[in-house]
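Right, one structure below, let's go through it.
We did not get these values from a lab; they are worked out from the coordinates using the rules stated. Since we're looking at a predicted model, the values are computed, not measured. Using ideal geometry, Cβ is built from the backbone for each residue, glycine included, and neighbour counts are taken over all protein chains shown.
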Amino acid sequence: MAFIINRRTTLAALTASALAFSAGLSYAQDVLKIGALGPLTGAGAAWGLGIDGGVKIAAAEVNARGGLKVGDTTYTLEVVSYDDQYKAAEAVTAINRLMGPDDVRFVFGPIGSASLLAIKPLTEREGVLLFTGAWAADVLKDSGYIFRVGPTTQEFAPSTVAWLKETKPELKRVATIAANDETGWNSQKIQVAAYTAGGFEVVSTEFFERSQNDFRAMLTKILAQNPDTIELDTVPPRTAGLMIRQARELGYQGAFTKFGGYDVEEIVKAAGAEYAEGVVGTTMAAPATETWNRLGEEFGKLHKAEMNDYVVMYYDAANLLFSSIEKAGMLDSDAVVAALEANAPFDGSVGTLTWGGGEAYGVDHQIYRSVVMVEIQGGKGVVIGEAKLN
Amino acid sequence: MFQQFLVVAGLSSATYMLTALGFTLIFGIMRVVNFAHGEFLLIGAYTVFVAQHVLGLDYMIALPLAALVAGGFGILAERLLFRRFTGDEIGGMIVALALAITIKGAVTVIWGVDSQPIDRPFSGSFEIAGVFIPRDQLFAAVVALVMVVVTWWLLNHTRLGLAMRAVAQSPEVARLQGIAPWKTYPVAFAIGCALAGLAGALAAPIYGAEPNMGDAALMKAFIVVVLGGLGSIPGALIAAVLLASIEAGISILFNATIAALVSFLAVIVVLLVKPAGIMGRS
């Protein structure tokens, strides 16, 4: 059947196009997609879901007050999340999707240093901003668009070691445990250096595979060196809990410290309250405060995971970004970077955020925020002090 | 340290035996490589969680219940999925993988990614001459060994076991003898899955219940069964002890990464020298 062009069909076609056009125009607001990338499943999922939750809560608050005002345009924020399972290969796939089809310029995450270092060349080349929790030293070096949302071993290790030396002078022999990947190699190196400089004798340094849940052989080896204290460093909280329990069942009666990523509930669940008694760790937000409870309630609506300090850290980082974008008045990466750098001190939800790290990393893109020391007493976390940052 | 090594290796080998037993049983009788074996372990572990926290049952009741539930799911899986793949090893593997992903996804959707709290019936350890034997691991090892013996007795001293062994040797000849393979398969599958569920229920109080716990178990079961010979039960038992000893020994001397390397190297060596496994029939 030949297509007939006459007045009727032309009129119909024009009407249809006009309707389609106006339908597009009548859509209220532009959408700005924000990326979230981290381990949403597996070990470390508590932290990954913390990123997702913290960013989503902050974005929802912005949307509730009308959207993000960037110059003359107001944007509705939409968070797009991907699971990297703490693996570099998955992170690369995810970032390619975020930068490509999803057209995202601002990404929160990843947590794994292996993931970060894998995607860094891609995001730096494209000028995509990353707000990472990854702890390796090379994360910030030679970068322009990467920001770290919370202090790492590099920033607080000397202070935590000094605190241990002062409060528990009877502890002299320390063993360190870390995961056998980029994160673990990096944090353990810094811990060993800090403990040695602090006057401790490092009697054992061990690595484990992230897929493990039985550490009795490793612990047998460690305990043969008679440590007074075991540093659990950046071991994921659930795994740390298992290590604590298995060590105690092998007869270990010494101390445990976890100066590197804490989650009291997870540790107590895995170790049992009795074995977890006295474990001291560092966290980026004190539990059971008003802010913690409020964010915890919102987080509970989004995920079936325990509330943890990553929610608070990423809530603050997201608010810092959104505020900086509004101050910059545009979405251009370099303008936003400049606005971020100028946006300090910034009022975070539990304290002030400032920039630091220039001396160690060559660029001041490390967020400095208070690091709280929490001891497990009777199965609950009790704040016992604060660590000073380098 | 050597005595502690013996304890660590010994207790681990018992659980490896139990996990591998169900896996090799299913392959031996149905020639299905059950890649969802780890997920039946998962079902067992989560049954304990639900039994304790929703039904308020004691662990000692939850334990056999977990085996029954996993076995029940096994019968369902056999009837609905695996029946049409007996003899088709590739097809069976693929559908098993799909089942594994589905079960793990369902567990994650229902209960989330966090590890679930399991009430522990045992805590602490026995200390004998400076060697520590954790009570919970000892209990798990004892139950595992008992089940291994029960399964051996079932296979070698009952008519059902005789039927299963006949079908394993040759389904066609078994039919000629009046044994219906389609009645034997669900039972074999159920027993294999029940053993996996029991292994999961035993592991739950020791390591917690979380959606990924089946992965490592499947990997261990696979290594043990390949080393010992697919379908050979004595082979699986010997290989379980071998694997546990290698892992514990190398982990204590060096670290877990090298231990994993050595155990996989052992698999390669055994397969090169004796492709059917230590006691497998080709």
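Miscellaneous remarks
- Calculated P(r) of chain B - Cα pairs past 26 Å, %: 42
- Ranking of A:Val235, A:Val161, A:Val128 by count of other Cβ atoms within 10 Å, fewest first: A:Val128, A:Val161, A:Val235
- Two-site FRET efficiency, A:Thr352 against B:His157, from Cβ-Cβ distance with R₀ of 60 Å, rounded to 0.05: 0.20
- Pairwise label distance in nanometres, A:Lys172 with B:Gln169, each label 7 Å out on the Cα-Cβ vector: 7.0
- Unsatisfied cross-links (Cα-Cα over 18 Å) in the set A:Lys258/A:Lys301; A:Lys33/A:Lys301; A:Lys269/A:Lys304; A:Lys87/A:Lys141; A:Lys33/A:Lys69; A:Lys304/A:Lys380: A:Lys258/A:Lys301; A:Lys33/A:Lys301; A:Lys87/A:Lys141; A:Lys304/A:Lys380
- A simple spin-label model places the labels of B:Ile101 and A:Ala273 4.3 nm from each other, with each point 7 Å out along Cα-to-Cβ.
- Order of A:Phe108, B:Phe49, B:Phe254, A:Phe256 - criterion: other Cβ atoms within 10 Å of each residue's Cβ, fewest first: B:Phe254, B:Phe49, A:Phe256, A:Phe108
- B:Lys274-B:Leu145 pseudo-label distance in nm [points 7 Å out on the Cα-to-Cβ vector]: 2.4
- Cα gyration tensor shape of segment B:157-282, rounded if a/c is under 1.5, else prolate or oblate by comparing a/b with b/c: oblate
- Burial ordering of A:Arg125, A:Arg245, fewest other beta-carbon atoms within 10 Å first: A:Arg125, A:Arg245
- Two-site FRET efficiency, A:Asn96 against B:Arg135, from Cβ-Cβ distance with R₀ of 51 Å, rounded to 0.05: 0.55
- C-alpha center-to-center spacing [segment A:263-295, segment A:113-133] in angstrom: 30
- In percent, rounded to a whole number, the relative contact order of segment A:291-383 is 15, using alpha-carbon pairs under 8 Å and six or more apart.
- FRET efficiency, A:Leu331 to A:Lys304 (Cβ-Cβ, R0 35 Å, nearest 0.05): 0.55
- Helices of chain B meeting both criteria, an alpha-carbon length of 20 angstrom or more along the long axis and an average Kyte-Doolittle score not below -0.5, with helices taken as full DSSP H segments, are B:2-30, B:37-53, B:59-80, B:89-111, B:135-157, B:181-207, B:213-228, B:233-253, B:256-273.
- Assigned charges on the beta-carbon of Lys, Arg, Asp, Glu; the protein assembly as shown dipole about Cα centre (debye): 2380
- Inter-centroid distance (Cα atoms) of segment A:339-390 relative to segment B:253-282, Å: 48
- Top of A:Thr289, A:Thr183, A:Thr152 by mean-square fluctuation, Gaussian network on chain A, Cα under 10 Å: A:Thr289
- Theoretical gain in end-to-end length, A:Ala224 to A:Leu14 [0.36 nm per residue, Cα-Cα removed]: 67.2 nm
- Across segment B:14-212, C-alpha contacts under 8 Å between residues 6 or more apart give a mean separation that, scaled by the residue count, equals a relative contact order of 45 percent.
- D (Stokes-Einstein, µm²/s), Kirkwood Cα radius, the protein assembly as shown, 0.890 mPa s at 25 °C: 90
- One Cα centroid belongs to segment B:119-179, the other to segment B:7-49; the line between them spans 10 Å.
- Taking Cα atoms only, the orientation of helix A:309-328 departs from the longest principal axis of chain A by about 40 degrees.
- Sequence-separation-based contact order of chain A, relative, with Cα cut under 8 Å and 6+ spacing, percent: 17
- Overall, the ratio between the Cα radius of gyration of chain A and 2.2 N^0.38 Å, rounded to two decimals, is 1.13.
- Sum of side-chain charges, A:Leu320 neighbourhood, beta-carbon under 15 Å (Lys, Arg +1; Asp, Glu -1): -3
- GNM top mover of B:Tyr16, B:Tyr46, B:Tyr207 - chain B, alpha-carbon springs below 10 Å: B:Tyr207
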